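K.L.:
Below is one structure. I have some questions about it.
No value in this document is a laboratory result; all are computed from the given coordinates. These figures come from a predicted structure and were not determined experimentally. Please note: Cβ atoms are built from the backbone with ideal geometry, for glycine as well, and neighbour counts cover all protein chains shown.
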Amino acid sequence: MALFSSSTKSIPAPANIPKHIAVIMDGNGRWAKKRFLPRVAGHKRGVEAVRSMVKSCAAAGVEYLTLFAFSSENWRRPPEEVSFLMGLFMDALNGEVNKLHQNNIRMMVIGDRSPFSPDLCARIEAAETLTRNNSGLTLTIAANYGGRWDMLQAINRMALASTAKAGHFSEEELAQYLAMKYAPEPDLFIRTGGEKRISNFLLWQLAYTELYFTDTLWPDFDQDAFDLAIQSYQKRERRFGRTSEQLTEG
Ligand code: IPE
Ligand code: IPE
Ligand code: MG
């Protein structure tokens with residue numbers, strides 16, 4: 001498994017196309033409401049936007065795509081909506097995994113699986129196992145994920161397993177216990193739906209990520225919307241603490 005350096009410890013090589021895009025897919029409910037449809041109709045359309053996003057990323061040469069599908073706080077929603085979302089996740093796994101596999105996509109799921117049904121856990125494991133050796137896009141679904149959950153589980157496991165004494169842990173070591181240890185830190189973060197917040201997504205890994213917020217609702221996030229996000233990313237100057245002059249001096 002590749003070891004990735006920490007953006008606060010070394011500077012990643014600049015690239016025109018982000019290697020890793022992380023997305024908060026927000027606005028499904030409002031998309032439905034605008035059409036006088038139940039909220040869950042928005043979630044259904046959201047799955048189509050996921051398909052389109054996966055295609056766009058694979059075509060553009062993005063190597064990692066991470067999608068926030070269900071947060072550790074989304075259990076606070078009405079029980080009918082929560083169970084609809086679980087069902088939708090299960091259906092998407094059943095319906096899409098073979099296609100992902102045929103397209104050489106590796107699928108991973110991060111988050112606390114303990115409240116999931118045994119059926120759902122088995123489907124997730126089957127999908128990960130089937131696609132494990134694929135060398136194309138790595139698609140990560142964050143399900144019952146929370147940035148704080150991730151950091152705490154990492155710290156707890158590290159404290160138990162590490163040969164370093166407490167007081168001597170390093171960033172690089174902690175990163176190896178995070179749920180997404182297999183991916184470099186995101187270069188580009190996209191949040192649809194107009195809100196400008198992180199909502200407990202990847203707290204550790206977003207340290208130097210370029211943030212992009214759009215009012216476009218997730219079900220409307222199509223190829224054109226993707227292109228706009230990439231164009232915005234390409235205009236950014238990623239300094240990682242240095243001055244602008246240092247960058248142009250090379
Ligand atoms: C995002 O859309 C999907 C999930 C959180 C599962 P929302 O359901 O949050 O949509 P809005 O924000 O209510 O429009
Ligand atoms: C964030 O969206 C979580 C996902 C997209 C899965 P929310 O709609 O739950 O976020 P808040 O509650 O508006 O911050
Ligand atoms: Mg929302």
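K.L.:
On full extension of the chain, what length is gained from Asp112 through Ser52, given 0.36 nm per residue of separation minus the C-alpha to C-alpha distance?
P.N.:
Length gained between Asp112 and Ser52: 18.9 nm.
K.L.:
Please arrange Asp220, Asp215, Asp91 by how many other C-beta atoms lie within 10 Å of their C-beta, fewest to most.
P.N.:
Fewest-to-most Cβ neighbours within 10 Å comes out as Asp215, Asp91, Asp220.
K.L.:
So, one more: Quick one: length gained pulling Ala122 to Asp91 fully straight, 0.36 nm per residue minus the C-alpha distance?
P.N.:
9.8 nm
K.L.:
Follow-up. Does the stretch 101-157 classify as rounded, prolate or oblate by the C-alpha gyration tensor (a ≥ b ≥ c root eigenvalues; a/c under 1.5 gives rounded; else a/b over b/c gives prolate, otherwise oblate)?
P.N.:
oblate
K.L.:
Could I ask something else about it? Could you check the spin-label model distance between Glu171 and Ala13? Points 7 Å from the Cα along Cα→Cβ, value in nm.
P.N.:
2.0 nm
K.L.:
On to the next question. Please give the charge dipole size of the chain, origin at the Cα centre, charges +1 on K and R Cβ atoms and -1 on D and E Cβ atoms. Round to the nearest 20 debye.
P.N.:
Working: 30 positive and 28 negative charges, 69 e Å.
Using only the charged Cβ atoms, the result is roughly 340 debye.
K.L.:
Give the separation of the Cα centroids, the stretch 1-71 to the stretch 111-175, in Å.
P.N.:
18 Å
K.L.:
Among Phe116, Phe189, what is the fewest-to-most ranking by other Cβ atoms within 10 Å?
P.N.:
Taking fewest neighbouring Cβ atoms as first place, the list is Phe116, Phe189.
K.L.:
Please state the shape class of the chain: rounded when a/c is under 1.5, otherwise prolate if a/b exceeds b/c and oblate if not, all from the C-alpha gyration tensor. It would help to have the intermediate numbers written out before the result.
P.N.:
Working: a/c = 1.59, a/b = 1.20, b/c = 1.33.
Note, shape of the chain comes out oblate.
K.L.:
A further question follows. Quick one: compute the contact order of the stretch 1-114, relative version, from alpha carbon pairs under 8 angstrom and 6+ residues apart, as a percent.
P.N.:
25 percent.
K.L.:
Treating cross-link reach as a plain straight distance, find the aspartates and glutamates whose alpha-carbon is under 17 Å from the alpha-carbon of Lys19, omitting any fewer than eight places away in the same chain.
P.N.:
Candidates past the 8-residue exclusion: Glu63, Glu185, Asp187, Glu210, Asp227, Glu237.
K.L.:
For Asp227 and Glu245 in one chain, what is 0.36 nm times their gap in residues minus the Cα-Cα distance, to one decimal in nm?
P.N.:
Here the answer is 3.6 nm.
K.L.:
I've got another one for you. Over the stretch 136-250, what number does the Rg to Rh ratio reach, with both radii from the alpha-carbon atoms and Rh per Kirkwood? Don't jump to the answer; show the numbers that get you there.
P.N.:
Values: Rg = 17.2 Å, Rh = 16.7 Å.
In the stretch 136-250, Rg relative to Rh is 1.03.
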